[in-house]
Amino acid sequence: MNDEIKMDSITQEMFAVLHGQETPLLTRWTYRADDPYAVMMSISRPSGRWIDWLMARDLLVAGMLAPAGIGDVRVSPFRGEEFDVLEVKIGDDEGFACLEFDRELMEHFLAATFELVELGDESNVIDIAAEIEKITNSCSW
């Protein structure tokens, strides 16, 4: 494993191409063992502010093989003559943005997440009692 990988989280930066644009966007992908079902994709804006999109790790895995997702996040593989990418479409009722990521870099990121928490072992990592307590304590009646 890479020395930059912490025992409880993984962060990988990669460029994405916004469909139809020439200038790539910097993105940051983060996976945390304490939230084992989720992956955070953060997109850097020219202002320096980051926009965060939370998605299921399972969705990302499924989208590596075939189109997956409904709603705000959709993922699908796309292979052309000169490139092999993963398309991630994000948006809402007002419109979608289609980001293209190098498939090999995404495979590397997912492999690193599997080293932290194997696919299918997510429920073994979560302390259900502690999660229920957090939810219960956050409700003010």
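The values are calculated or read from the model by the stated rules, or taken from the named source; none is laboratory data. For clarity, every value in this text was computed on a predicted model and none was experimentally measured. Here Cβ is always computed from backbone atoms with ideal geometry, including for glycine, and neighbour counts include all displayed protein chains.
Taking the range 103-117, which residues are touching a helix residue (DSSP H, G or I) at 6+ places or on another chain (Cβ under 9 Å) and either part of a strand (DSSP E or B) or closer than 21 Å to H19 by Cβ (or both)?
M106, F109
I need every pair where a residue in the range 90-114 that is free of Cβ contacts under 8 Å to residues at least 60 places away in the same chain has its Cβ under 9 Å from the Cβ of a residue that is assigned to a helix (DSSP H, G or I), sequence separation at least 6 or different chains.
Close Cβ pairs satisfying both conditions: L110/R57; L110/L60; L110/V61.
Is the range 49-63 home to any residue that is surrounded by 15 or more Cβ atoms within 10 Å (Cβ to Cβ), in contact with a Ser or Thr (Cβ under 6 Å, 6 or more places away or on another chain) and at pLDDT 95 or above?
We begin by selecting, within the range 49-63, every residue surrounded by 15 or more Cβ atoms within 10 Å (Cβ to Cβ); these are 53, 55-63.
Checking the rest, the ones that are also in contact with a Ser or Thr (Cβ under 6 Å, 6 or more places away or on another chain) come to 63.
Okay, now just the ones that are also at pLDDT 95 or above, so 63.
Looking for residues that are surrounded by 15 or more Cβ atoms within 10 Å (Cβ to Cβ), in contact with a Ser or Thr (Cβ under 6 Å, 6 or more places away or on another chain) and at pLDDT 95 or above, one finds at least one in the range 49-63, hence yes.
For the subset of the range 84-130 comprising residues that are over 18 Å from S42 (Cα atoms), acidic (D, E) and at pLDDT 85 or above, which member is surrounded by the most Cβ atoms within 10 Å (Cβ to Cβ)?
Step by step, filter the range 84-130, then rank; the result is E122.
List the number of the failed condition for E81; all other conditions in (1) modelled with pLDDT of 90 or more; (2) under 30 Å from G20 (Cβ atoms) hold.
In the conditions (1) modelled with pLDDT of 90 or more; (2) under 30 Å from G20 (Cβ atoms), E81 misses (1) alone.
Are any residues in the range 10-68 more than 17 Å from T113 (Cα to Cα) and among the acidic types (D, E), and if so, which ones?
E22, D52 - these are the residues of the range 10-68 that are more than 17 Å from T113 (Cα to Cα) and among the acidic types (D, E).
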